[in-house]
Amino acid sequence: MISLSKADQLIIFSRYIGQQVVITSLLNTREINIGTLEGVKHSALAVSIDDITRWIPLYDNFKLYEIKLLLKPLKKLTPEVIAAANDLPVKAFITPYYQQLGYDMPVFIKPGHPCNCKYVQELELADYRTPAEIFRQNTLLHAFESA
């Protein structure tokens, strides 16, 4: 498992504000919620679930929740999106443009960081499934556990 500090996680999440996230409670229930990442602050993520914004705390020494961005792999880029990116006035805008559209991009945290150049999914902060796939698999898992 890759160990990222709370500060490193916040850097990554801050680049994907506006994207969907899946939040799994690591307490007894393993409850799953899907919402939209609305913002970050020094120790938490603001996530809107059912039109209510909640602050989800992050800690360095323990986890209450597993939080993953719902992103698309780069292999799903379409020719239209690539053409639009290549038409941007400055090439440095391409990565933020792809992030804004919800594509998983290699991260840069700080010089020399061991997680630089890894995709968000490799850092276990992203999931390529759709909300429907997540809920379907969760339902099947609970049915299997109940049997």
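Label separation (residue 60 vs residue 46): 2.5 nm, computed from points 7 Å beyond Cα along the C-beta direction. Annotation: extensible slack from residue 84 through residue 27 equals 16.2 nm (criterion: 0.36 nm per residue apart, minus Cα-Cα distance). Taking 0.36 nm per residue of separation and subtracting the Cα-Cα distance, full extension of the segment from residue 38 to residue 132 would add 31.7 nm. A straight Cα-to-Cα reach below 23 Å connects residue 110 with the lysines 6, 41, 68, 91, 118, residues fewer than 8 places away in its own chain not being considered. Accessible surface calculations at 1.4 Å, restricted to protein heavy atoms, place the chain at 60 Å² per residue.
Within 10 Å of each candidate Cβ there may be at most 14 other Cβ atoms; applying that plus a DSSP loop requirement, which GluC sites (Glu not before Pro) in the stretch 34-100 survive? Working shown, then result.
Values: sites: 38, 66, 80; in loops: none.
Filter output for the stretch 34-100: empty list.
Largest first, the extents of the alpha carbon coordinates of the stretch 1-52 on the three principal axes equal 27, 26, 16 Å.
Converting phi to 3J(HN,Hα) with the Karplus coefficients 6.51, -1.76 and 1.60 and the offset θ = phi - 60°, the stretch 116-130 yields 4, 6, 8, 6, 4, 5, 4, 8, 6, 10, 9, 9, 8, 7, 8 Hz in sequence order, with x at every glycine or proline. With θ taken as phi - 60° and the Karplus curve 6.51 cos²θ - 1.76 cosθ + 1.60 applied, the whole-hertz 3J(HN,Hα) list for the stretch 15-27 is 7, 10, 4, x, 8, 6, 10, 10, 10, 10, 5, 9, 7 Hz, x standing for glycine and proline.
The order of 2, 56, 17 by accessible area, most exposed first and with a 1.4 Å probe, is 17, 2, 56.
Hey, any idea what % of the stretch 26-147's accessible area is carbon plus sulfur with a 1.4 Å probe? Intermediate values should be presented prior to the final figure.
Values: 4400 of 7810 Å².
The computed percentage sits at 56.
When 113, 42 are compared by accessible area of protein heavy atoms, the largest-first order is 42, 113, using a 1.4 Å probe. Using a probe of 1.4 Å, the accessible surface attributed to residue 30 totals some 110 Å² when neighbouring protein chains are kept in position.
Reported to the nearest whole Å, the Cα centre-to-centre distance from the stretch 82-147 to the stretch 3-27 is 11.
Treating only the Cβ of Lys, Arg, Asp and Glu as charged (+1, +1, -1, -1), what charge dipole size does the chain show about its Cα centre? Round to the nearest 20 debye.
Magnitude of the dipole: close to 300 debye.
Before rounding to the nearest 500, sum -39500 (n - 2.57) across all DSSP H runs of length at least 4 in the chain and divide by the residue total; then give [θ] at 222 nm in deg cm²/dmol.
After summing the helix terms and dividing by residue count, I get -8000 deg cm²/dmol.
The values are calculated or read from the model by the stated rules, or taken from the named source; none is laboratory data. Small disclaimer: the values here were computed from a predicted structure and weren't measured. Don't worry about glycine lacking a Cβ; one is built from the backbone with ideal geometry, like all the others, and counts go over all protein chains shown. Remember, those area values only see protein heavy atoms, side chains included, never the ligands or the DNA or RNA. Shrake-Rupley method; radii C 1.70, N 1.55, O 1.52, S 1.80 Å.
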